[in-house]
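Undergrad: Input: one structure, supplied below.
The values are calculated or read from the model by the stated rules, or taken from the named source; none is laboratory data. All values reported here derive from a predicted model rather than from experimental measurement. When we count neighbours, we look across all protein chains shown, and the Cβ atoms used for this are built from the backbone with ideal geometry, even at glycine.
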Amino acid sequence: MRVFTSPALRSQVAFLVVQDTRPIPLAHLADVVLAGATFAEKAGCYVNADERLQYAEAALPPRDGSLPDLDLLAILLGRSGGPIDSRDILAELAEDVPAFAAARGGRVSEFGVPLSGHETGPPPRRFIDPWLGFGQTRAGRMIKTNEMYDSTKSLRG
């Protein structure tokens with residue numbers, strides 16, 4: 001595998017666009033730099049190691065001057081109408097790709113859905129934050145009980 005240094009890569013192309021979440025050496029040589037949002041600053045779906053399709057909302061707003069990937073693509077494609085809703089993209093994916101059919105309408109359950117068609121391993125358990133306790137909220141979501149969690153036991157075993 002060939003590895004290019006930033007100047008060597010730049011010399012191979014007539015026009016260079018770099019999109020990244022932080023300033024990298026190649027960005028200093030680019031004709032255009034697009035400031036992308038980090039994983040925590042954008043909503044979207046992903047498939048985890050257990051082959052479960054999951055959806056995550058953005059935890060933070062994008063930093064000043066940066067945009068989520070879908071919004072950058074919409075601008076580059078000349079689409080108007082404001083930010084792109086990643087659930088709309090997920091709904092389209094569910095219509096076109098049979099493996100993602102469980103996400104019809106752009107929605108998946110809180111713990112996701114298995115793409116393999118069957119559950120693998122035990123069902124997911126809800127984590128209870130021992131610092132908050134039962135009945136308190138975090139980020140506007142009600143914390144529910146988990147019979148398997150015993151707050152009287154040491155977390156270190």
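Undergrad: Scan the range 98-105 and tell me whether some residue there is under 25 Å from E51 (Cβ atoms), modelled with pLDDT of 85 or more and more than 20 Å from the chain's Cα centre (by Cα).
TA: yes
Undergrad: Have a look at I143, I89, I75, I128 and point out the one that is exposed (fewer than 14 other Cβ atoms within 10 Å of the Cβ), among the hydrophobic types (A, V, I, L, M, F, W, C) and either modelled with pLDDT of 85 or more or over 23 Å from E41 (Cβ atoms) (or both).
TA: I75 is the lone residue from the list that is exposed (fewer than 14 other Cβ atoms within 10 Å of the Cβ), among the hydrophobic types (A, V, I, L, M, F, W, C) and either modelled with pLDDT of 85 or more or over 23 Å from E41 (Cβ atoms) (or both).
Undergrad: For the range 46-62, state whether one or more residues are aliphatic (A, V, I, L, M), surrounded by 13 or more Cβ atoms within 10 Å (Cβ to Cβ) and touching a Gly at 6+ places or on another chain (Cβ under 8 Å).
TA: yes
Undergrad: Still on this structure, please answer the following. From the list L90, L53, L70, L76, pick out the single residue that is closer than 19 Å to T21 by Cα and under 15 Å from the mean Cα position of the chain (by Cα).
TA: L70
Undergrad: What are the residues in the range 11-45 that are crowded, with 17+ Cβ neighbours inside 10 Å and charged (D, E, K, R), if any?
TA: If the condition is that a residue be crowded, with 17+ Cβ neighbours inside 10 Å and charged (D, E, K, R), then E41, K42 are the ones that fit.
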